[in-house]
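Step one of this worksheet: look at the structure below.
The values are calculated or read from the model by the stated rules, or taken from the named source; none is laboratory data. Keep in mind it's a predicted model, so treat the numbers as computed, not measured. No Cβ is skipped: glycine too gets one built from the backbone with ideal geometry, and neighbour counts run over all protein chains shown. Each accessible area value is taken on the protein alone, full model and side chains, heavy atoms only, with ligands, DNA and RNA left out. Shrake-Rupley method; radii C 1.70, N 1.55, O 1.52, S 1.80 Å.
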Amino acid sequence: MNPKIYLSSPHMGGTERSYVTEAFDTNWIAPLGPNVNGFEESLENYLGNDSLVAALSSGTAALHLALILLGVKNGDEVLCQTMTFSASANPIVYQGATPIFIDSEEDTWNLCPIHLEEAIKDRISKGKKPKAIIAVHLYGMPYKIDKITTISEKYEIPIIEDSAEALGSTYKNKKCGTFGDISILSFNGNKIITTSGGGALVSKDSKIKEKAIFLATQARDQAPHYQHSEIGYNYRLSNICAGIGRGQMEVLDTHVGFRRTMNQFYKDLFSKTEGVSVFTELSKDFFSNHWLSCITIDSKVANFTPDDIRLALGKENIEARPLWKPMHLQPVFKNAPYYGAEISENLFKNGLCLPSGSNLESIDRKRITKVLLKFT
Ligand SMILES: *Cc1c(COP(=O)(O)O)cnc(C)c1O
């Protein structure tokens, strides 16, 4: 059997191990230390726009702290893109709040501005103004920043920008991860860069960064003994993991380039196939890191389904997967309110994620081509 080709697997640049070794040599084996500070600084420089970064144990932890920092409490409502990974929505429930799910729009697959505004008006008319908007850059594709930000400002509802999949993406030449009132990043094993597990909270306000680190390190008050006036969390990133992150930052842009090469590879492969579209940017304002390359299939035209491709690839030990199943279709969220048409439902029905890793080589592309040629 040929080795497995994954959708997205860790891709080390080469210097990661030296940062980790340094942590061992200096005994900084803790959730603090020079790698944590160095990783934060390197992210701050990369993102620009006066971004301040708190390195955390996961993207999910970052979302949870973002909700706490925006004052989301028991009984509140939070607007959230329905088409996303469950980690975007779960922290709303950790806070005892209710997620209000919003459909996608066709161009970016992200928050639909029309349904977002419809939901805000309806929730306000029912007596409850939502406390925050969770907007996601799905598969690395920026959401319509201008439109969503305008709605956020009009109704004075802050944005939590879930940029877990979009480090390296830009909108009008500004980096994703800098558009929210609070933004979050993920460095899980399958993301664009990885620390094996990790995340970050991004803001422009030094008080928010300080408070995030305070909450992430068990909310210890200033005192020689252990004193607490608030509930804390154990959410800080380890100095070992941060060492991997420092090495990964050195290759981030190169790896974004490789992912974009994979996207172009699929565009070329399906260029003459009727009924298959490769997901891509709608204009020059949008620059996607193409974390995952996705296709949608009009089965009536193409005469095959996403599952036909997925199963054919699977037989050759090549991974493919349906798009994110919308949250309002998930059993665990079946009672949550939802505003939309059926855009996300249809994307889920007709879409497929294809192998997209920055570490895929021409021998891998040959194996993928061999299977996919039967469908072109
Ligand atoms: C991966 C991911 C997260 C969660 O990040 P973790 O680091 O895995 O906790 C959140 N939102 C989206 C959209 C993601 O893809």
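Laid out as a table, the results:
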read-out	value
Peptides ranked, highest mean first, by Cβ atoms within 10 Å: ranges 131-142, 170-181	131-142, 170-181
Alpha-carbon centroids, the range 125-161 and the range 54-109: separation in whole Å	11
Axial C-alpha extent at least 30 Å, average Kyte-Doolittle at least 0.0 - helices from the chain (DSSP)	none
Rounded percent of accessible protein surface that carbon and sulfur make up, the chain, 1.4 Å probe	51
Solvent exposure of the chain as accessible area per residue, Å², 1.4 Å probe	44
Estimated dipole of the chain in Debye, rounded to 20 [Cβ of Lys and Arg +1, of Asp and Glu -1, Cα centre]	600
37 °C / 0.692 mPa s Stokes-Einstein diffusion coefficient of the range 19-144, Kirkwood radius on C-alpha pairs, µm²/s	196
Formal net charge of residues neighbouring S42 (Cβ-Cβ distance under 12 Å; K, R +1; D, E -1)	-3
Size of the range 5-44 as Cα extents on the principal axes (Å, biggest first)	37, 25, 17
The chain, relative contact order in percent, only Cα pairs under 8 angstrom and at least six apart counted	24
DSSP beta bridge pairing in the chain, given as percent antiparallel to the nearest 5	55
Overall form of the chain per C-alpha gyration tensor (a/c, 1.5; a/b vs b/c)	oblate
The range 253-375, dipole about Cα centre (Lys/Arg Cβ +1, Asp/Glu Cβ -1), debye to the nearest 20	260
Accessible area, probe 1.4 Å, largest first, for residues W109, W28	W28, W109
Per-residue [θ]222 nm for the chain (sum of -39500 (n - 2.57) over DSSP H runs n ≥ 4, rounded to 500)	-11000 deg cm²/dmol
Summed side-chain charge close to E319 - residues other than E319 whose Cβ falls under 11 Å, Lys, Arg +1, Asp, Glu -1	+2
Projected area, mean over directions - the range 110-256, Cα convex hull, nm²	11.0
Length gained when the stretch E118-T261 is fully extended (0.36 nm per residue, less Cα-Cα span)	47.6 nm
